[in-house]
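The values are calculated or read from the model by the stated rules, or taken from the named source; none is laboratory data. Everything quoted here is computed from the prediction, not taken from an experiment. Cβ atoms come from the backbone with ideal geometry, glycine included; neighbour counts cover every protein chain shown. Just so you know, the surface numbers come from the protein's heavy atoms only, side chains and all, with ligands and any DNA or RNA stripped out. Shrake-Rupley method; radii C 1.70, N 1.55, O 1.52, S 1.80 Å.
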Amino acid sequence: MPNTAAHLPGDHLDIAKMPGHWFLARMGKRVLRPGGRALTDFLLAELSIGRGDAVVEMAPGLGVTTRLALAAGPSSYTVVERDSAAAATLESLLSGVSGHCLTGDAADTQLPPGEASVVFGEAFLTMQPAAQKKKILEEAFRLLRPGGRYGFHELGLCPDSLSEEEQTAIQKDLAGSIRVGARPLTCESWRDLITSAGFEIQSVKELPMELLGPRRLVRDEGLLGAARIAFNALKSPKARARMRSLRATFRRNASNLRAIAVVARKPA
């Protein structure tokens, strides 16, 4: 895996104020999705990317899933990433393949309609306000050819019967800890959102959200990777405090947090 340390976003920020996902990346965590590698694998299997596909990936971050999808050999691959530091790493991943990186807005890519047979993204819709979520799904629908596949892997809330007040309280608690707006929906609301954009749902999978659980860390990062994260956090009092805060927030809300992946199709 290429060394991305020089390009990690958030490098100029204090550890206490850095967005949670970039703090974890700074500690050495590479799988930053709520359902871990298992749900990413499900998403990619259901999208079934192949050699004839034109793929658009939205907000790839460090590009861990990008590498997996590129291994399927799609005919073209476009990534849309707002963060310029992350985009620099992604550019290097796409060298030598028929692909390019757009530094811009996933809600307004400026790509031609019908450009893609597959569009997907992970763990970025959760951070968007309701109106922006809708615009991003509309853009994905516009980019896809008839019959094209769309998928996402996001943070969900459960049970579906949570009141708006309960959802808001959880969202505020998460946002205060991860230092970025977190607006997860109930799993039912995620499904409603994607169908309201015109998509037909093909498959759904939910898993516990155990991003910092010891077993999940080992499964996603391997023993050496998990040890590296722990060592990096222990080196700095600020990093230790930040890691404790994140873990406490996730534990406090564990019964109401889920990871959800949905794969849908644009009607032919």
Between V218 and A268, the FRET efficiency computed from the C-beta separation at R0 = 45 Å comes out, to the nearest 0.05, as 0.60
Counting only backbone N atoms under 11 Å from a point 7 Å out along Cα-to-Cβ of H100, the residues of segment 34-78 in range are 78
The extension gain from A175 to D192, computed as 0.36 nm times the residue separation minus the Cα-Cα distance, is 3.8 nm
Dividing the helical contributions, -39500 (n - 2.57) per DSSP H run of n ≥ 4, by the residues of the chain yields a 222 nm value, nearest 500 deg cm²/dmol, of -13500 deg cm²/dmol
For the chain, the percent of accessible surface on carbon and sulfur atoms (probe 1.4 angstrom, ligands and nucleic acids excluded) is 54
So for R0 = 41 Å, FRET eff. of E164-R240 from the Cβ-Cβ r, to 0.05, ends up at 0.70
With the charge dipole of segment 195-268 built from beta-carbon charges (+1 for Lys and Arg, -1 for Asp and Glu) about the Cα centre, the Cα from N232, L257, Q202 projecting farthest to the positive end belongs to N232
Regression test value, accessible area per residue of the chain, probe 1.4 Å, units Å², expected 44
Under the Karplus relation with 6.51, -1.76 and 1.60 and θ = phi - 60°, whole-Hz ³J(HN,Hα) for segment 45-51, x at Gly and Pro, equal 5, 6, 6, 6, 5, x, 5
With 0.36 nm assigned to each residue of separation and the Cα-Cα distance removed, D41 to L13 gains 6.9 nm
Here FRET efficiency (C-beta to C-beta, R252 to S203, R₀ 25 Å, nearest 0.05) is 0.20
The rounded separation in angstrom of the Cα centers of segment 202-242 and segment 29-100 is 21
If one builds a Gaussian network model of the chain from Cα atoms under 10 Å apart, the most fluctuating residue listed among L223, L144, L90 is L223
